[in-house]
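The numbers here are math on the coordinates, done by the rules we state, and not lab data. The structure presented is a predicted model; accordingly, all values stated were derived computationally and were not measured. Don't worry about glycine lacking a Cβ; one is built from the backbone with ideal geometry, like all the others, and counts go over all protein chains shown.
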Amino acid sequence: METTAKGPGHPGSTQGRRAAGEHLHRLVALAESLVRAASATPGPSADGCLGTSEGVTDTRALLSTAIGLDLASLSDHEAAAWAQTLEHLNHFLQGLTVDSAGDLAERVSAGRYQGAGHQKPVDFVSSSLNISRAEANNRLRLADRFLPSTDPLTLVTTDPSQPVLGSALFSGLISTEQALIVSGFVDQAARLEKSGTIEAGQARSLEATLTEHAEVEPPYFLRHLGIRALALLDPDGQKPSESQRLAKQDISFRRPYRG
């Protein structure tokens, strides 16, 4: 997914993206070194002595906490702040997984992984990352709406359909769960707009409104808000098609009730 390079330090700048990538690589390397350091510490054996127990061939230490951190030493306030910081970092990581999935999808579509027998992006993302097809589909779905795409033949770049929501995800302001919920409602509004049921521009307005709420509200609230918003945009709902109406037409015979 190509983006226009701007000045250094600005969104879309290749230099800024490279610097951010280097910082992330350092964070990953630091996390891995912490895990190795914690794993290298010999734990007590069954008899209370340090070392590995007899008959155990796996030399990796069994960690009782994530990367060996002792959270019990934190105060209640520190523990809550630590969890919130991790969740904020997790939002950034989720945005990166969507970005990465979108990049892999374009590479698969360009035929770069045909030698490995992968012709569909979802298959490659699922197998190469060892994740479920459902999770791969979710990431690709968000990438399709949040990232610009470049046609491999014409090299024409298409802008993302939901840039406001995508920016919130890539900025670490919302999670992929929140993004999926809002994106679904925006898709429904876009279909209503395309059919002429609602006025042009209302889908974008809904995207901006729900994205703003997503930054401060939990997923269950976004679902209720999205349902309410669509009900206001289209009070009559989707009318049944002719085939659906015909399918419900029938004649039934029942036994007399009390004569």
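How do Asp187, Asp151 line up, fewest other C-beta atoms within 10 Å first?
Ascending number of Cβ neighbours within 10 Å: Asp151, Asp187.
Before anything else, pin down the relative contact order of region 78-160: Cα pairs under 8 Å, at least 6 apart, normalised by residue count, whole percent.
Reported relative contact order: 24 percent.
Taking the simple approach of a point 7 Å from Cα along Cα-to-Cβ for both Asn130 and Glu177, what is their distance in nm?
Placing both labels 7 Å beyond Cα along the Cβ direction yields 2.4 nm.
Taking 1 over the mean of 1/r across every pair of different Cα atoms in region 85-172, what Kirkwood radius in Å do you get? Mind showing how you got there, number by number?
On the way: mean 1/r = 0.0738 Å⁻¹.
In region 85-172 this quantity evaluates to 13.6 Å.
Would you mind getting the Kirkwood hydrodynamic radius of region 131-259 from its Cα pairs, rounded to one decimal in Å?
17.2
Tell me, what is the percent relative contact order of region 163-236, built from C-alpha pairs under 8 Å that lie six or more residues apart?
Values: 65 pairs, mean separation 27.0, N = 74.
The value is 36 percent.
Would you mind getting me the FRET efficiency between Thr158 and Arg223? Use the beta-carbon distance for r and R0 = 22 Å, nearest 0.05.
For R0 = 22 Å, the calculated efficiency reads 0.15.
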